[in-house]
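The values are calculated or read from the model by the stated rules, or taken from the named source; none is laboratory data. Source: prediction; values computed, not measured. Neighbour counts run over all protein chains shown; Cβ positions are idealised from the backbone, glycine included.
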Amino acid sequence: MLGKALSRWTLAWFASGLAFLLAALAMAAFGLAGPGRWSEGWALAAVHLFALGWLCQMMLGSLIQFVPVLTARPLVLPRLALPALVLCGAGTLSLAGGFLALEGWPTGALLAMGPVLLGLAFGLAMLMLGGTLIAARAWRTGDGSTVLLALLALPLLWATGAGMGWAFGGIAWGAALLPDGLSLHVLLGAGLWLTLAGMGVSYRLFPMFLIAPDRSGPLRRAALIAAVLALVLLLGALGVLLAGGDPLPLTAGCGLACTLATGLYLAEIRRIWQSRRAPVPETNMQWSRAALGFLAMAALLTAPGLILGGPWAEAAIFVALAGWLSTLTLAQMVKITSFLTWIQVFAPLIGRAKVPMVHDLTDARAAGRSLALWVAGVLAGTLALALQVPALFDMAALALLLAALLHGRELIAIRRLRHLSETARPAGLPPMILPPTDRRSHHDIPRPASA
Ligand code: HEM
């Protein structure tokens, strides 16, 4: 079902992502980031621990697992997964440390090095993911073409970020990106890279989880065309900016195209939802609805955020990163971790012993509680940014930190099979994060579809 082959490093990408999430939230809860302070060094560090360490690592780790599912063929160059993970983690830390130079720390060299490491990480990831998608001619399918388009945005995101980072070292074209290029940078990161990749993966996963017919249709094609238009307008805005002109009309057009693509995507997900045969959606899908609600909210806030800036922009970015992308990731992590654990532990026992169902590995109520707290934290954080109330934002960050800790505890319980009875638990468990040392186990090798 979820995968014919398990990537050896998926859980390591997830663990690293979670560690970065906790670090970013701890910084926010300690008051190092908040309304009106996003261009300060500490806040920029926290934003990038969150955006790159948490969201990008989770997305890359998930794509390394799911692109073989989307394309029905093994990943190209799977051995690059570990170096890509190490470089991505090191690059994120280096960039975050480099931002502290804005607070007077002697870390300017890290700001120059971070983009280099991140560029290498993204390059390796693109070789694996792009290589697999191109070999499978994935542009012919709705989900494959959406993920391919998202991958096209990744080098552009990198270039805008690297340019702004190197501007501190005197690179002229990078300096031209500041300050007007910031909105293009954020549209690329939160919108065209992360959101499009999330859409592409959900086209395949949502019908699977909801037991709904999986077929590409006019809504997916229209959403893709709107996303291509957004990317073209963004490239135009970037060109105008580098040539010294005013990019706002094209940037606003790009924002509107993003909003249109989002509307069409939401209509497609509604169609899938209505055609489901699963009588009661599981926790991951129930809470994905909250994520989709945040996506609609972020789409509505995009135009005012781009045109009016200030609290509107802060709220829009927060709803997109913490509301839409993070709620979706946290909700689906429960299912994916249960499934990967089930494949590792129980798939080899099929036909030889009684095996539990995938959902038996999860405590749905515990997962639901941490997700509810997360959603409440996002709502409070959005209100704090919209009204510019720092104390409320600190409290929201504390709630998000607590929710992430509780969620992490549930994920550990799933990996340790704590929700199964003693008798249902096998004697030996696989390593918590690292792949088993036996390379013949169910990693990076084709398996028949099951469960
Ligand atoms: C999904 C990925 C990313 C997201 C969502 C993101 C988000 C942001 C946000 C929200 C800001 C602006 C904060 C403000 O001043 O209002 C920002 C600034 C910045 N970002 Fe990123 N970013 C991402 C990736 C990157 C990457 C890959 C790099 C470097 C290669 C980078 C480098 C920078 C730099 C240097 C600035 C500071 C500009 C300045 O104010 O001087 N970012 N980013």
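Among the residues that make up region 73-80, is at least one of them out of contact with any Asp or Glu (no Cβ under 8 Å at 6 or more places or on another chain) and surrounded by 23 or more Cβ atoms within 10 Å (Cβ to Cβ)? So far as region 73-80 goes, no, none of its residues is out of contact with any Asp or Glu (no Cβ under 8 Å at 6 or more places or on another chain) and surrounded by 23 or more Cβ atoms within 10 Å (Cβ to Cβ). Residue count for region 20-56 satisfying the condition of being at positive phi and within 11 Å of the ligand (Cβ to nearest atom): 1.
Which ones in region 108-145 are within 13 Å of the ligand (Cβ to nearest atom) and more than 18 Å from the chain's Cα centre (by Cα)? If the condition is that a residue be within 13 Å of the ligand (Cβ to nearest atom) and more than 18 Å from the chain's Cα centre (by Cα), then G108, L110, L111, A112, M113, G114, P115, V116, L117, L120 are the ones that fit.
Per this entry, T132 is counted among residues that are in the same structural domain as A51 (by TED's automatic domain parsing), at negative phi and surrounded by 19 or more Cβ atoms within 10 Å (Cβ to Cβ). I'd like the full set of residues that are closer than 13 Å to V334 by Cβ and surrounded by fewer than 20 Cβ atoms within 10 Å (Cβ to Cβ), limited to region 392-412. Once the filter is applied, which keeps residues that are closer than 13 Å to V334 by Cβ and surrounded by fewer than 20 Cβ atoms within 10 Å (Cβ to Cβ), region 392-412 yields L406, G408, R409, I412.
Of everything in region 174-183, what is touching a Leu at 6+ places or on another chain (Cβ under 6 Å) and not small (G, A, S)? Give them in sequence order.
From region 174-183, those touching a Leu at 6+ places or on another chain (Cβ under 6 Å) are 176, 180-181, 183; that's our starting set.
Correct list: D180 only.
Evaluate region 151-162: report whether one residue or more is more than 15 Å from the ligand (Cβ to nearest atom) and at pLDDT 95 or above. No; the residues of region 151-162 include none that is more than 15 Å from the ligand (Cβ to nearest atom) and at pLDDT 95 or above. Contact map, region 171-200: first residue not assigned by TED's automatic domain parsing to the domain that holds T327 and more than 11 Å from the ligand (Cβ to nearest atom), second residue of a type in the set (F, W, Y) and part of a helix (DSSP H, G or I), Cβ cut-off under 7 Å, separation 6 or more or different chains; pairs are M199/Y265. The condition (being within 21 Å of F66 (Cβ to Cβ), buried (at least 18 other Cβ atoms within 10 Å of the Cβ) and either in contact (Cβ under 8 Å) with a residue 40 or more places away in the chain or of a type outside the set (K, R) (or both)) is satisfied by just one residue among W324, W312: W324.
Of the residues W158, W193, W139, which is assigned to a helix (DSSP H, G or I), aromatic (F, W, Y) and farther than 19 Å from L321 by Cα? Give the steps one after another, and end with the answer.
Working: W158 fails: farther than 19 Å from L321 by Cα; W193 fails: farther than 19 Å from L321 by Cα.
One residue alone meets the criteria, W139.
Just checking, does region 69-76 include any residue being at pLDDT 95 or above and either of a type in the set (G, A, S) or within 9 Å of the ligand (Cβ to nearest atom) (or both)? Looking for residues that are at pLDDT 95 or above and either of a type in the set (G, A, S) or within 9 Å of the ligand (Cβ to nearest atom) (or both), one finds none in region 69-76, hence no. Look at A367 and say whether it is of a type in the set (A, V, I, L, M, F, W, C), in contact (Cβ under 8 Å) with a residue 12 or more places away in the chain and crowded, with 16+ Cβ neighbours inside 10 Å. Yes: the conditions hold for A367.
Return a yes/no flag: does region 2-19 have any residue that is hydrophobic (A, V, I, L, M, F, W, C), modelled with pLDDT of 95 or more, within 16 Å of the ligand (Cβ to nearest atom) and under 17 Å from L82 (Cβ atoms). Yes, that holds for at least one residue. If you check T262, T251 for being more than 21 Å from the chain's Cα centre (by Cα), polar (S, T, N, Q), surrounded by 14 or more Cβ atoms within 10 Å (Cβ to Cβ) and in a helix (DSSP H, G or I), only one passes: T251. Tallying residues that are assigned to a helix (DSSP H, G or I) and either more than 14 Å from T337 (Cα to Cα) or not small (G, A, S) (or both) within region 413-428 yields 5.
What helices (runs of 4 or more DSSP H) completely inside region 1-90 contain at least 3 residues that are outside the structural domain of V378 (by TED's automatic domain parsing) and more than 27 Å from L387 (Cβ to Cβ)?
Numbers: elements: 10-29, 41-48, 57-71.
Filter on region 1-90 gives 10-29, 57-71.
Collect the residues in region 94-116 that are in a helix (DSSP H, G or I) and out of contact with any Ser or Thr (no Cβ under 6 Å at 6 or more places or on another chain), keeping them in residue-number order. Selection gives S94, L95, A96, F99, L102, E103, G108, A109, L111, A112, P115, V116.
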